[in-house]
1. Label position 7 Å from Cα toward Cβ: report the copy-to-copy distances for B:GLU107 in nm, one decimal, ordered from shortest.
2. Could you tell me the distance between the Cα centroids of segment A:57-136 and segment B:8-54, to the nearest Å?
3. In terms of Cα to Cα distance under 19 Å, which lysines are near enough to A:LYS92, apart from those fewer than 8 places away along the same chain?
4. Which Cα, out of B:PHE173, B:VAL109, B:THR119, lies furthest along the positive dipole direction of segment B:60-182 (beta carbon charges, K/R +1, D/E -1)?
5. What value, in deg cm²/dmol to 500, does the helix sum -39500 (n - 2.57) over DSSP H runs of n ≥ 4 give at 222 nm once divided by the residues of chain B?
6. In nm, one decimal, shortest first: how far is the label point of A:GLY162 (7 Å from Cα along Cα to beta carbon) from the matching points in the other copies?
7. What is the interface area between chains B and A, defined as buried accessible area summed over both chains with a 1.4 Å probe, reported in Å² to the nearest 100?
8. Could you give P(r) for the protein assembly as shown, binned at 20 Å from zero, as whole percent values over all Cα-Cα pairs?
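The values are calculated or read from the model by the stated rules, or taken from the named source; none is laboratory data. All values derive from a computational prediction rather than experimental measurement. Because the Cβ atoms are built from the backbone with ideal geometry, glycine has one as well, and the counts that use them run over all protein chains shown. Surface areas here come from the heavy atoms of the whole protein model, side chains and all, with no ligands, DNA or RNA. Shrake-Rupley method; radii C 1.70, N 1.55, O 1.52, S 1.80 Å.
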Number of protein chains: 2
Amino acid sequence: MTARERILEAAYSCFSRKGYFGTTTREISQAAGVSEVTLFRLFGSKKELFREVLINYSIIPDIRAISVPEGSGEEVLIDIGLKLFFSLREKKEFLKILLSEVTGLTEEVEEVYSRFVETLEELLGRVFSSALSLSEGESRTKVKVFRSALFGFFISEEVFQGRELPYEDVIRFVKSLSAAVSGGRG
Amino acid sequence: MTARERILEAAYSCFSRKGYFGTTTREISQAAGVSEVTLFRLFGSKKELFREVLINYSIIPDIRAISVPEGSGEEVLIDIGLKLFFSLREKKEFLKILLSEVTGLTEEVEEVYSRFVETLEELLGRVFSSALSLSEGESRTKVKVFRSALFGFFISEEVFQGRELPYEDVIRFVKSLSAAVSGGRG
DNA sequence: CTTTTATGTAAGTAACTGCTTACATAACCG
DNA sequence: CGGTTATGTAAGCAGTTACTTACATAAAAG
């Protein structure tokens with residue numbers, strides 16, 4: 001691994017554990033096993049390094065890579081719900097960084113977050129209108145419910161409580177959510 | 001207002017806008033209109049002040065104060081959903097502080113968060129088992145869906161996007177969520 | 001009136017932080 | 001070989017930060 005990569009990785013880890021202001025450049029360089037001078041030579045400033053981390057570890061490509069499952073009805077929602085949940089889990093550190101920068105939101109962090117929600121809703125929008133047969137308006141609201149629930153669940157259970165839920169708990173939740181959203185008039 | 005109160009209020013505001021590490025004690029004391037020495041005399045340390053802010057502005061009493069509505073069915077869920085949403089909004093700053101401290105979670109912040117979720121689930125548990133007629137297990141999972149969706153929705157739309165949703169949007173969401181959760185087998 | 005209490009001003013300290021400069025070294029490239 | 005490139009060490013600087021000490025003052029309490 002190049003020095004650049006090692007620094008990026010170390011920065012990712014540090015920022016996600018202690019936030020932007022809680023992390024020092026000394027700390028990052030030590031964790032990366034390089035000198036602090038190298039860090040500044042390669043990235044110019046702490047802020048710039050932070051930006052690169054945000055780009056490098058973004059969850060957005062992961063979400064884009066999720067394929068819309070064939071078929072229809074509840075089963076499809078369960079499938080996509082699980083895929084999304086485990087994508088969130090895989091990028092937990094990235095999401096922690098995002099959350100911790102909610103205060104003093106710089107435009108760029110805000111933009112990253114907006115694109116994250118857009119990407120999610122776009123994917124779910126496609127799934128919902130193909131798998132369930134819903135009007136544009138119905139679909140949009142249900143997508144919001146589904147997306148919010150999944151995201152809220154992940155944040156509460158995994159990020160804040162700092163644990164990793166057993167598979168059955170995740171399944172139970174996603175099934176319940178999918179059933180709720182795919183049934184009824186809501 | 002006493003100096004103590006002014007400092008608490010200023011600290012609350014600063015921490016919610018810039019996080020713990022992003023805020024300096026100088027800043028707080030200036031915002032409070034007192035000298036920095038006074039801040040340290042009254043609170044001992046920055047950390048202690050932070051703790052007091054967390055206690056003083058906690059959302060938990062707000063949630064405890066919400067009365068379980070009479071009646072049954074979907075209407076009740078809508079009622080409680082709206083009450084909860086507007087409680088979250090009223091304590092947005094507190095929640096921002098909580099979110100921003102998700103990195104480097106101290107035990108105390110983690111505990112505050114746990115109690116927050118417990119309080120929420122307890123309230124919703126009572127509502128769900130009285131208003132809908134559900135078994136213990138069904139109720140518990142539906143409560144999780146309801147709670148996660150509401151919380152996730154609030155965080156995405158209001159905290160991260162930094163805006164205040166128009167009332168109709170909130171209503172539409174809560175109605176859709178309530179319908180989804182109260183109908184079906186989920 | 002005198003003491004206590006609450007607050008202020010001034011000054012400063014020790015540690016830390018982001019970042020820079022100067023110089024060495026070792027590997028790789030033509 | 002000679003030069004470029006990537007990295008390291010050492011030193012440090014200027015600014016900031018949490019927090020302290022010493023002393024003044026004015027109001028409140030007894």
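1. Ordered by increasing distance: 4.4 nm.
2. Rounded to whole Å, the Cα centres lie 37 Å apart.
3. The qualifying lysines are A:LYS18, A:LYS83, B:LYS96.
4. So the residue furthest toward the plus end is B:PHE173.
5. Rounded to the nearest 500, the figure is -24000 deg cm²/dmol.
6. For A:GLY162, the inter-copy label distances come out at 3.0 nm.
7. 3700 Å²
8. 28, 54, 17, 0
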